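Right, one structure below, let's go through it.
The values are calculated or read from the model by the stated rules, or taken from the named source; none is laboratory data. Since the model is a prediction, treat every value here as computed from it, not as a measurement. Reconstructed Cβ throughout: ideal geometry from the backbone, glycine too, with neighbour counts over all protein chains shown.
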Amino acid sequence: MSVKLVFGTQWGDEGKGKVVDYYAEKADIVVRYQGGNNAGHTIKIGDEVFKFHLLPSGVVRKGKTAVIGNGVVVDPKVLISEIEEIRKRGIEPNLVISDRAHVIMPYHRLLDGAEEVFRGKKKVGTTGRGIGPCYSDKIARLGIRMGELIDPEVLRERLEFIIPMKNRIFEAYGMEERLDVDEVFREYSEYGRYLRGMVGDTIEFLHKNMDKEILLEGAQGAMLDVDFGTYPYTTSSSTIGGGASTGSGIPPNAIKEITGVVKAYTTRVGMGPFPTEQENEIGKHLCEKGHEFGTTTGRARRCGWLDLVVVKHALRLTGADGIAITKIDVLEGLETIKVAYAYQVDGKKITYFPAKTDGIKPLYKEFQGWNMTSGEWEKVKEGGIDALPLNVREYLKFIEGETGVKIRMISYGPAREETVEL
Ligand code: GDP
Ligand code: IMO
Ligand code: MG
């Protein structure tokens, strides 16, 4: 019996989907615990590519139960289309959705767009999926939960109370849209009907199954955490380990293995501070070789050097005991590679991530580049980290030395097989 956690240590898109898929082989239950369909997790098995926004990445493996925890915000329309899509591909998901998970409603999506327009130049660059407004309503105690979506009487009552409020907000924003209780009820009660059989008490389910192998799948990354990230350029959920507990109902002390996913360089989608960003040929190399385009929105990701101040911040907030390095292959072909290990702020050196990021200047260590063949990677599968060429080894040893956390896994390509467990 054990509970394992996989989470992102940067600004998302670290390759969590791939790492979760790898660990899911030995799991019985895979749980998404926060975020919504702002996430995009990619899995490559042979020539087949799966992109998941709401379904836990474990669904592609037969015989696993996929859980959408109470901390997730669920757009039922998106979830249903994801279920239909995967069914078409011959997979019947065994899914349990928390009756406490909040529902993304049409007014959340509309308000997400409107708020961004009002922010103007200071917009967050959200995915536009209604995530922020849905979490705001949850905290404001104005939300609709999955358990209410599937109960037509309660749903109707909630809509009659909430929709007039939202229409007044639309009016105040100068928006033309108005929502009609009947229309929204008709559409959403249908979604409720479709999903009814899958909604249940996931807390009871998980606690009854604590003797099984449970894998918790994080979305986004620590720097998008609403408390610890680059606020206000963050998402609206707790993306660090604490969120795994509040978003699933699994107590913190039950989580026995915590893997932080670290992309070998850094990317970020949307606006906000990014100290090691490279708006130059280096950034171009990383974006092109790493195919750094958003899984959810298709936007080009901003790219830059690995930032260990960021990674250390993430690892210590979650108490990670292992690192999964991903996309190490993307660094190939660069003559020299840099890694930020500290920042200079107002002439002072700091090694922690500060709340105020103005005037940060990263301090870098430089490494010699490398090239590796797939045959060489096969040797690493047998010989471990010592079988790696010296330059790669130095790069990885530096990461371990600075963070104090061991590398548990190296991913050197998008496919399932392109993985070395150390
Ligand atoms: P997630 O949101 O953290 O699950 O990551 P995404 O799926 O949004 O983005 C990661 C992208 O990198 C996907 O297209 C993956 O298929 C791909 N990928 C994952 N690991 C590797 C790797 O080691 N090397 C390369 N080249 N691509 C990878
Ligand atoms: P995965 O799970 C990368 C970013 C958005 C925006 C900010 C707020 O695939 O790593 P939101 O729609 O959440 O209100 O947007 O957060 N963002 C992500 N960036 N990967 C993600 O998920 C993201 N989910 C949200 O781009 O900057
Ligand atoms: Mg992603």
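Data overview
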item	result
Residue satisfying condition, being buried (at least 17 other Cβ atoms within 10 Å of the Cβ), in the same structural domain as A114 (by TED's automatic domain parsing) and not in a helix (DSSP H, G or I), within set L215, L179	L179
Inter-residue pairs, beta-carbon under 9 Å, first under 11 Å from V330 (Cα atoms) and away from ligand 3 (no atom under 11 Å from the Cβ) and in segment 281-304, second among the acidic types (D, E) and modelled with pLDDT of 95 or more, 6+ apart	L286/E292; K289/D329; K289/E332; G290/D329
Count - residues of segment 274-297 that are polar (S, T, N, Q), in contact with an Asp or Glu (Cβ under 9 Å, 6 or more places away or on another chain) and away from ligand 2 (no atom under 16 Å from the Cβ)	1
Residue identified as touching a Gly at 6+ places or on another chain (Cβ under 9 Å), more than 16 Å from ligand 3 (Cβ to nearest atom) and in contact (Cβ under 8 Å) with a residue 24 or more places away in the chain among P93, P76	P76
Residue in segment 271-308 that is nearest to G369 (Cα to Cα), counting only those that are in contact with a strand residue (DSSP E or B) (Cβ under 6 Å, 6 or more places away or on another chain) and in a helix (DSSP H, G or I)	L286
Number of the condition not met by C303 [criteria: (1) within 11 Å of ligand 1 (Cβ to nearest atom); (2) under 19 Å from K16 (Cα atoms)]	(1)
Residues of segment 212-270 satisfying the condition of being modelled with pLDDT of 95 or more, among the small types (G, A, S) and near ligand 2 (Cβ under 10 Å from one of its atoms)	G218, A219, G221, G229, S236, S237
Enumeration of residues in segment 16-69 that are within 11 Å of ligand 1 (Cβ to nearest atom) and among the basic types (K, R)	K16, K18, K44, K51
Any pair with Cβ under 6 angstrom, 6 or more apart, that starts in segment 37-59 at a residue that is closer than 21 Å to A27 by Cα and of a type in the set (D, E, K, R) and ends at one that is near ligand 1 (Cβ under 7 Å from one of its atoms) and not in a strand (DSSP E or B)	K44/P414; K51/G40; K51/T295
Qualifying residues in segment 24-60 (those that are among the aromatic types (F, W, Y) and crowded, with 24+ Cβ neighbours inside 10 Å) - the one farthest from ligand 2 (Cβ to nearest atom)	Y33
Enumerated strands (runs of 3 or more DSSP E) restricted to segment 13-53, each holding at least 1 residues that are in contact with a Phe, Trp or Tyr (Cβ under 6 Å, 6 or more places away or on another chain)	41-45
Residue list for segment 224-246, restricted to those being more than 14 Å from G35 (Cα to Cα) and surrounded by 23 or more Cβ atoms within 10 Å (Cβ to Cβ)	G229
Boolean, G283 is exposed (fewer than 14 other Cβ atoms within 10 Å of the Cβ) and either among the small types (G, A, S) or not assigned by TED's automatic domain parsing to the domain that holds V20 (or both)	no
Scan of segment 323-346 for residues that are of a type outside the set (S, T, Y), in a strand (DSSP E or B) and farther than 13 Å from K18 by Cβ, ordered by number	I323, I337, K338, V339, A340, A342, Q344, V345
Residue match in segment 202-218 (condition: within 16 Å of ligand 3 (Cβ to nearest atom) and under 15 Å from the mean Cα position of the chain (by Cα))	yes
Those helices (runs of 4 or more DSSP H) lying entirely in segment 74-145 with at least 3 residues among the charged types (D, E, K, R), at negative phi and surrounded by fewer than 19 Cβ atoms within 10 Å (Cβ to Cβ)	76-88, 106-119
From the options T267, T259, residue that is within 17 Å of the chain's Cα centre (by Cα), within 11 Å of ligand 1 (Cβ to nearest atom), buried (at least 21 other Cβ atoms within 10 Å of the Cβ) and not in a loop (DSSP other than H, G, I, E, B)	T267
Scan of segment 364-382 for residues that are assigned to a strand (DSSP E or B) and loosely packed, with under 15 Cβ neighbours inside 10 Å, ordered by number	E366, Q368
